[in-house]
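Asker: Below is the structure I would like to discuss, written out as structure tokens.
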Amino acid sequence: MRRRVSLTLAVTALVGGAAMLALPPSRAAPSAALTEVGDAEAALARATRESRLAENRAAKLTAEAEAATEAAQRAASEAAALAARIQQAEAEIEIARARLTIARQQRAALTARLAEKRAPTARLAAALQTASRRPLALSALQPGSLTDLVHVRAVLDSAVPQITARTVALKTDLDRGRALERQAGLALEQLQSGEAALRQRRSELAALEQQQRIASRTAKGAAQREAERALALAEEARDLDGLVGKLDDVAALRRELAALPGPVLRPADLAAALPAQAAPVAATNAPRDWQLPVQGRTLTGFGAKRDSGLAATGLTLAPTKDAQVVAPARGRVAFAGAYRGFGRIVIIEHDGGWTSLVTGLGEVAVAVGDTVIGGSPLGRASGSAEGVTIELRRDGKPVNPLQFMR
């Protein structure tokens, strides 16, 4: 009798499980933008690292803004700190998208596995349910020997542990499905929260940039003349390398003029020899604390062969559309605007003959002649398939920027 009761209970559990062998539809919004399934794990690791770095930059720049004694330095540090917080929000959005992608991917695999089990489990449950309801006396009246009946019952009794184990495994799968649904819902909430934070920080940065533009109107005339000269050089240059070369020549001339000695006072003794002038010492070190100006997956590494067959002279990243782009290091904007097939570009002169080039911007927030610090907002990425390319040059020669990253 006890065996019959245990068989009935096991079959009942299996029948109930067979009815639930399909997970309910996910409540996580299917319209949310997801990371590519194959890239989800790598994207999660990359975005987690970028979020941590951006958070550290924001804290450092905020401290510098609070300690600044000059209004210009304080404004520059505040803008750079806001840009770092924007990049942190962008990284947190990518984290949420990657987690949502992983949760949905795992849930889809679980649903497929349950679907494979559904048909055979349902058939087994139906057969065992029929057998468990048949009275023993009625089974004895069926054709066949009593030995056959005993064998059938023995088989049914031996199946009880397997049915119980299968029921436990089924419950585990269903619990896992519910846990994945909760993970997807949490990731979606984080995604929505990150997008709201990103909108808020972009609004704050736009307001701060507007204040800075109003404050700098007095220097507008000189900046306009320098911008016109930069545009003229762009028209004369045959290609982007030629433009960078011309700007390097102008920067070198500017450095030479700045290094010229000032007027020498008339000595009391005209027969005395003039004092020797110290030779200017040119800086050779790379820009301090050089950083990547935008976050994203690497499309092309430095030195990799491009479609043209030539080696890449910089890095190309694939940021999201409208991703925040910042200055890789302190310097002076030598060019800012559209240039022949490269979208909008920004060229920054650093001390010691170093130059940074950033292409692929959809929007530029700086002008020729502006002084920037590392992390100052330059604009937003266009989101085109070509991505954002970053080059670092020393006296016009490309160098691998990764060796100088902080």
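The values are calculated or read from the model by the stated rules, or taken from the named source; none is laboratory data. Because the structure is predicted, anything quoted here is derived from the model rather than measured. FYI the Cβ positions are ideal-geometry reconstructions off the backbone, even for glycines, and counts take in every protein chain you see. Quick note on the areas: whole protein, heavy atoms, side chains included, nothing else; ligands and nucleic acids left out. Shrake-Rupley method; radii C 1.70, N 1.55, O 1.52, S 1.80 Å.
Asker: Starting from 0.36 nm per residue, how many nanometres of slack lie between D322 and A112 once their C-alpha separation is accounted for?
Answerer: 71.9 nm
Asker: Excluding P319 itself, calculate the net charge of residues whose Cβ lies under 11 Å from the Cβ of P319, where each Lys or Arg counts +1 and each Asp or Glu counts -1.
Answerer: -1
Asker: Could you please report the charge total around E204, scoring K, R as +1 and D, E as -1 over all other residues with beta-carbon less than 12 angstrom from its beta-carbon?
Answerer: +2
Asker: May I ask you to rank D307, D351, D175 by accessible area, largest first, using a 1.4 Å probe over the protein chains only?
Answerer: Highest to lowest solvent-accessible surface, that is D307, D351, D175.
Asker: Continuing with this model, one more query. Along the stretch 359-367, what does the Karplus equation 6.51 cos²θ - 1.76 cosθ + 1.60 (θ = phi - 60°) give for ³J(HN,Hα), rounded to whole Hz, x for Gly and Pro?
Answerer: After applying 6.51 cos²θ - 1.76 cosθ + 1.60, I find 10, x, 7, x, 8, 10, 10, 10, 10 Hz.
Asker: Using a 1.4 Å probe on the protein chains only, how many percent of the accessible area of the stretch 55-121 belongs to carbon and sulfur?
Answerer: 52
Asker: Would you grab the residues whose amide H sits under 5 Å from the one on G379? Only those 5+ places off in sequence or on another chain, please, with H modelled 1.01 Å from N.
Answerer: V325, A365
Asker: Can you work out the base-10 log of I(q)/I(0) for the stretch 302-406 at q = 0.16 1/Å, using the Debye formula on its C-alpha atoms alone?
Answerer: So the normalised log intensities are -0.66.
Asker: Which whole-Hz ³J(HN,Hα) couplings does the stretch 393-404 yield from phi under the Karplus relation 6.51 cos²θ - 1.76 cosθ + 1.60, θ = phi - 60°, glycine and proline marked x?
Answerer: These are the phi-based 3J(HN,Hα) values: 10, 10, 6, x, 9, x, 10, 6, x, 5, 6, 10 Hz.
Asker: Could you pull out every residue, at least 5 positions away or on a different chain, whose amide H is within less than 5 Å of the one on V368? Hs are placed 1.01 Å off N in the peptide plane, and Pro or chain starts have none.
Answerer: Under 5 Å from the amide H of V368 lie the amide H atoms of A336, each far enough along the sequence or on another chain.
Asker: Can you work out the Karplus-derived ³J(HN,Hα) for every residue in the stretch 335-352? Use 6.51 cos²θ - 1.76 cosθ + 1.60 with θ = phi - 60°, whole Hz, and x for glycine or proline.
Answerer: So the Karplus estimates, Gly and Pro as x, are 8, 8, x, 6, 8, 3, x, 10, x, 8, 10, 9, 10, 10, 8, 10, 5, x Hz.
Asker: Give the long-range amide H neighbours of L292: residues separated by 5 or more places, or on another chain, with amide H under 5 Å away, using H modelled in the peptide plane at 1.01 Å from N.
Answerer: none
Asker: So what's the net charge close to G177: Lys and Arg +1, Asp and Glu -1, counting the other residues with Cβ under 11 Å from its Cβ?
Answerer: Result for the neighbourhood of G177: +3.
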